Amino acid sequence: GAVVSQHPSWVICKSGTSVKIECRSLDFQATTMFWYRQFPKQSLMLMATSNEGSKATYEQGVEKDKFLINHASLTLSTLTVTSAHPEDSSFYICSLSDTSYNEQFFGPGTRLTVL
Amino acid sequence: EDKVVQSPLSLVVHEGDTVTLNCSYEVTNFRSLLWYKQEKKAPTFLFMLTSSGIEKKSGRLSSILDKKELFSILNITATQTGDSAVYLCAVANFGNEKLTFGTGTRLTIIP
């Protein structure tokens, strides 16, 4: 399967600051990427779907102006949490989809803690 | 709205026992059902099921799908402490690539 990396693996920031999380496909070109959020002891919740070269599609209840997604190339997608607050503390995971959509490959996740 | 329900929510067994995890779903235009294992980080892929009645097997793990009754089971035989994890079930539908995840089953294996 595809190899997906995320950076950073963990980040601690002060309330009100912005944090950028990168998701990279290391060995294939990903036309579609997904961003998930997972709170402690809960399942993965899809935040948004991004397609290379176009705007992301956000799930209901996810603020697009707060969670900025950029999918500028076939190997990189970024999620920026703007003006982060403690309630944004979570585990953020990206995944990549191949063109046949048969399987998604997950990154190792980024744990965000907002103080 | 697509829905995936897993049961039990948590399960504690002794090493060597056999466990069965359940996943039921309601989804429009069903394409596939996937099982993942999640330890401390991101989920790792176990199985993808698209056809009813065909068992998929990998070592001590096996899974089967019933598209008529809309459920799947994941079996783990001769459990080991390394099997302790959260097992997630997800469904995909045609028309979009999104996965809808269940809440997961937290499996704990006692030595």
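Numbers for the structure displayed
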item: Where a residue in region A:52-76 is over 21 Å from A:GLN6 (Cβ atoms) and its partner, wherever it lies, is surrounded by 13 or more Cβ atoms within 10 Å (Cβ to Cβ) and at pLDDT below 90, with Cβ under 8 Å and at least six apart; result: A:GLY53/A:HIS71; A:SER54/A:HIS71
item: Matching residues in region B:45-62 - criterion: being assigned to a strand (DSSP E or B) and either at the interface with chain A (Cβ under 9 Å from one of its Cβ atoms) or among the charged types (D, E, K, R) (or both); result: B:PHE45, B:MET48, B:LYS56, B:LYS57
item: Test for B:PRO8: is it touching a residue at least 60 places away in the same chain (Cβ under 8 Å), touching a helix residue (DSSP H, G or I) at 6+ places or on another chain (Cβ under 7 Å) and surrounded by fewer than 21 Cβ atoms within 10 Å (Cβ to Cβ); result: no
item: Residue among B:ALA42, B:ALA78, B:ALA92 that is surrounded by 18 or more Cβ atoms within 10 Å (Cβ to Cβ) and in a loop (DSSP other than H, G, I, E, B); result: B:ALA42
item: Scope region B:83-111; condition among the aromatic types (Phe, Trp, Tyr) and more than 8 Å from chain A (Cβ to nearest Cβ); matching residues; result: B:TYR87, B:PHE94
item: Filtered residue count, region A:56-112, keeping only those that are small (Gly, Ala, Ser) and either in a strand (DSSP E or B) or within 13 Å of the chain's Cα centre (by Cα) (or both); result: 9
item: Those residues of region B:95-109 which are within 11 Å of the chain's Cα centre (by Cα) and crowded, with 20+ Cβ neighbours inside 10 Å, in sequence order; result: B:PHE101, B:GLY102, B:GLY104, B:THR105
item: Residue count for region B:55-85, restricted to those that are over 15 Å from the mean Cα position of the chain (by Cα) and not charged (D, E, K, R); result: 6
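The values are calculated or read from the model by the stated rules, or taken from the named source; none is laboratory data. Keep in mind that what you see is a predicted model, and the values were worked out from it rather than measured. Note: ideal-geometry Cβ built from the backbone for every residue, glycine included; neighbour counts use all protein chains shown.
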